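Read the structure below first, then the notes.
FYI, it's all coordinate maths here, none of it is from the lab. Bear in mind that the values here come from a model prediction, so they are computed numbers and not experimental data.
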C-alpha cells in the first residue's frame, strides 16, 4: 500500500509498518467543494478551522 505518513494505523496491532520512500516525494494537497455547497455544522466548523489555520 502507498499512503501518506500518519494516515494509516501502523501500531504493532495493525500488522502494518511505515517505510519512507527515498528520495522523499512531496505533493501539494487541495480541499475543494462545490461553490454553493451546504455543509453540516461539523463540516462547517472543520472548514472554518482550516481557513483559520491556513490563511
Margin query: Taking the 0 to 90 degree range and rounding to the nearest ten, how far is the long axis of helix 41-54 tilted relative to the main principal axis of the chain, both from C-alpha atoms?
Written below: 70
Note to self: If each DSSP helix of 4+ residues adds -39,500 (n - 2.57) and the sum is divided by the residues in the chain, what number results at 222 nm, nearest 500 deg cm²/dmol?
What the structure shows: -8000 deg cm²/dmol
Margin query: Based on the alpha-carbon set only, what is the convex hull volume of the chain divided per residue, in Å³?
Written below: 153
